[in-house]
Every structure is written in C-alpha cells, then in structure tokens.
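Participant: Could you have a look at this structure, given as structure tokens, before my questions?
The values are calculated or read from the model by the stated rules, or taken from the named source; none is laboratory data. The model shown is predicted, which means the values in this text are computed figures rather than measured ones. Note that each Cβ is placed from the backbone with ideal geometry, even for glycine, and that neighbours are counted across all protein chains shown. Quick note on the areas: whole protein, heavy atoms, side chains included, nothing else; ligands and nucleic acids left out. Shrake-Rupley method; radii C 1.70, N 1.55, O 1.52, S 1.80 Å.
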Amino acid sequence: MIHCFQSADALVEKLSFDFLDFIELENPPGRRIHIALSGGNTPRIFFEKIAVNQYKRDKPVPWNKVHFFWADERCVPPEHRDSNYGMTRKILLEKINLEDQNVHRIMGENDPEKEVVRYALEIQSQIASKDGIPVFDWIILGIGEDGHTASIFPNRFDLLNSEQICAAVQHPETRQSRVTLTGRTILQARRITFLVTGVSKSQVVRQILNNEAEASQYPAGYIFNHRKSIDWYLDDAAAQYLKSSSPW
Ligand code: 6PG
C-alpha cells in the first residue's frame with residue numbers, strides 16, 4: 001500500500017495517528033507489541049508527532065504494552081550525536097509514559113560482535129519466534145539513496161538471507177561499525193513500513209517500485225520484492241517520479 005502526502009509534515013501527522021491506532025486498536029488489550037524503529041533523520045519528525053499527538057486521543061495511550069527495539073544502531077554510546085537510540089530517547093521516549101524495561105536498545109558502546117550476541121538473545125527472550133525467527137509486530141524502516149535499509153548495505157547482500165537474527169557491519173563509506181537486524185528477521189515481521197521523504201530518495205523509490213534493473217542491487221528492493229504487503233509512506237518529493245503506469 002502506497003500512502004503519498006503533499007509534505008513530510010502531513011505524512012508524519014497521518015503516520016503518527018496510524019501508529020497510535022495500531023497500539024490501541026489492532027492488538028488485543030494487554031497483548032505486548034514489539035516494534036523495531038530505524039534511525040537517521042527521517043524518523044525524527046515522526047517521533048516528534050507521536051509525542052504531541054499521543055494527547056489527542058480519547059484515552060491515554062497504553063504505552064505499557066509497547067516494547068521498542070531498533071532495526072539498527074551505530075556503534076557509538078547513547079549520548080553520541082549519531083546514536084539512533086539517543087535520538088529516539090530525546091525526541092520520543094522521554095516524552096511518553098514508558099517503563100525502562102520496555103526499551104531494548106542496541107548497546108552501541110559495546111564491542112559489535114559481542115553486542116550482536118547479546119541483542120539477539122534479548123530479542124529471543126522477549127519475542128516469540130516462528131520457524132526459529134522472532135516475529136516483530138511492526139518494523140519501520142528508512143531507505144538510503146544507495147538502496148540500503150536498516151544497516152544492510154548493498155555490499156552485504158549476504159545479510160538478507162543470513163541465519164542470524166542480527167549482524168555487525170561497517171558503513172561502506174564511513175567504515176562506522178553498526179549492528180543491524182538481518183533480512184530474514186525483517187521479513188518475518190507482521191507489518192513492515194518504509195518511511196521515505198525528500199527528493200534525494202525519489203530515484204531509489206522509483207527504481208524499487210518500478211522494479212528497475214538497479215533495484216536488484218538494493219537491500220530495500222530485496223525486502224520489497226520478498227514481501228507481499230509493505231506500507232510505503234512517501235511525501236510528494238520522494239514520490240515525484242512515480243507514474244500511474246507503475247506496476248503496483
Ligand atoms: C540509520 C538508519 C538507516 C536510515 C536510512 C535513511 O541508522 O541510518 O536506520 O537505514 O533509515 O539511511 O536515513 P535518513 O532518514 O537519514 O535519510
């Protein structure tokens with residue numbers, strides 16, 4: 001399902017209400033919900049909207065049933081400006097009534113390979129698996145201009161089929177160490193959303209949605225092609241090349 005919006009602000013306004021509806025309505029009362037978030041810049045305004053719109057509900061949001069995880073993390077301490085958890089904590093987590101034990105961050109300050117083992121065990125201890133793969137309720141992903149998603153970069157296509165729940169990688173340009181969920185873990189989620197804004201992403205969005213040749217090199221393209229239902233939340237800038245003739 002493709003959701004296009006005139007602006008990024010209109011997009012995150014709607015997505016924030018869809019997010020709050022999902023927590024309140026789409027799961028039996030009391031059932032825990034396991035959501036994996038992404039980092040980078042795009043989610044910032046999304047998290048800001050959730051923090052504000054949580055008060056526009058008929059009743060308090062049942063945050064106690066929500067458990068947050070991350071689709072990936074930069075291997076830096078939480079207070080580092082690159083930390084996805086640090087950004088989420090500042091913009092969202094500090095503004096919602098959520099217990100610490102509901103936050104399952106990737107510990108970027110740890111040795112990456114050791115953190116892969118620790119985080120995988122934490123996920124397995126918290127989330128039921130199907131066919132040996134943990135089933136997140138919702139994974140919200142961004143897409144890089146190079147077609148990466150989470151921290152699965154085009155030079156690490158092996159991670160899309162890895163048996164591991166998560167893996168340690170390096171950013172291909174900055175060489176920054178990261179920990180990322182693998183493709184199988186992402187594809188096992190009940191719901192997957194690509195949250196993409198800005199003209200800089202318009203080419204990669206078109207290539208993936210129109211199944212152009214380049215998309216076969218993109219991890220985000222692989223996820224899209226190996227999943228029947230994925231939500232796309234796009235602003236008009238990111239969707240500028242999409243034509244009505246597109247095969248979706
Ligand atoms: C990260 C993200 C990454 C991000 C894309 C898009 O840790 O950087 O998880 O996959 O979603 O790179 O990033 P922007 O939203 O900053 O464009």
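Participant: Taking the Cα centre as origin and putting +1 on Lys and Arg beta-carbons and -1 on Asp and Glu beta-carbons, what dipole magnitude results for region 172-245, to the nearest 20 debye?
Facilitator: 360
Participant: For the charge dipole of region 2-235, defined by +1 on Lys and Arg C-beta atoms and -1 on Asp and Glu C-beta atoms about the Cα centroid, which residue among VAL12, PRO43, GLY108 has the Cα displaced farthest towards the positive pole?
Facilitator: VAL12
Participant: Further question: Putting +1 on Lys and Arg Cβ atoms and -1 on Asp and Glu Cβ atoms, find which of ASN155, LEU234, ALA167 reaches farthest to the positive end of the dipole of region 109-248.
Facilitator: Checking the options against the dipole of region 109-248, the answer is LEU234.
Participant: Separate question: Go through GLU24, GLU99, GLU79 and list them by solvent-accessible area, largest first, probe radius 1.4 Å.
Facilitator: Greatest to least solvent exposure: GLU79, GLU99, GLU24.
Participant: To continue, here is another question. Taking only protein heavy atoms into account and a 1.4 Å probe, give the accessible area per residue of region 2-235 in Å².
Facilitator: Averaged over the residues of region 2-235, the accessible area is 43 Å².
Participant: Sticking with this one: How large is the direction-averaged shadow of the alpha-carbon convex hull of region 2-235, in nm²?
Facilitator: Reported value for the Cα convex hull: 12.0 nm².
Participant: What trypsin sites (Lys or Arg not before Pro) does region 145-233 have in DSSP loop regions with at most 16 other beta carbons within 10 Å?
Facilitator: ARG175, ARG190, ARG191, ARG227, LYS228
Participant: So how exposed is ASP146, as accessible area in Å² (1.4 Å probe, rounded to 10)?
Facilitator: Solvent-accessible area, nearest 10 Å²: 50 Å².
Participant: Within straight cross-link reach of LYS65, meaning Cα distance under 16 Å, which aspartates and glutamates are found once same-chain residues fewer than 8 apart are removed?
Facilitator: By straight Cα distance, LYS65 reaches ASP21, GLU24, GLU26, GLU99, ASP100, ASP137.
Participant: Taking the Cα of VAL199, stepping 7 Å toward and past its beta carbon, and measuring to each backbone N in region 9-28: which are under 19 Å?
Facilitator: Answer for region 9-28: 9-11.
Participant: Protein chains only, probe 1.4 Å: how do HIS226, HIS80, HIS104 rank by accessible area, largest first?
Facilitator: I get HIS226, HIS80, HIS104, largest accessible area first.
Participant: Largest first, how would TYR55, TYR241, TYR119, TYR222 line up by accessible area (1.4 Å probe)?
Facilitator: Ranked list, largest accessible area first: TYR55, TYR241, TYR222, TYR119.
Participant: Of all DSSP beta bridges in the chain, what percent run antiparallel (nearest 5)?
Facilitator: Of all bridge pairs located within the chain, approximately 35 percent are antiparallel.
Participant: A further question follows. What does the helix-only formula give at 222 nm for the chain: each DSSP H stretch with n ≥ 4 adding -39500 (n - 2.57), the total divided by the residues, and the result rounded to the nearest 500 deg cm²/dmol?
Facilitator: About -9000 deg cm²/dmol.
Participant: What is the Cα centroid distance between region 1-42 and region 158-182, reported in whole angstrom?
Facilitator: 25
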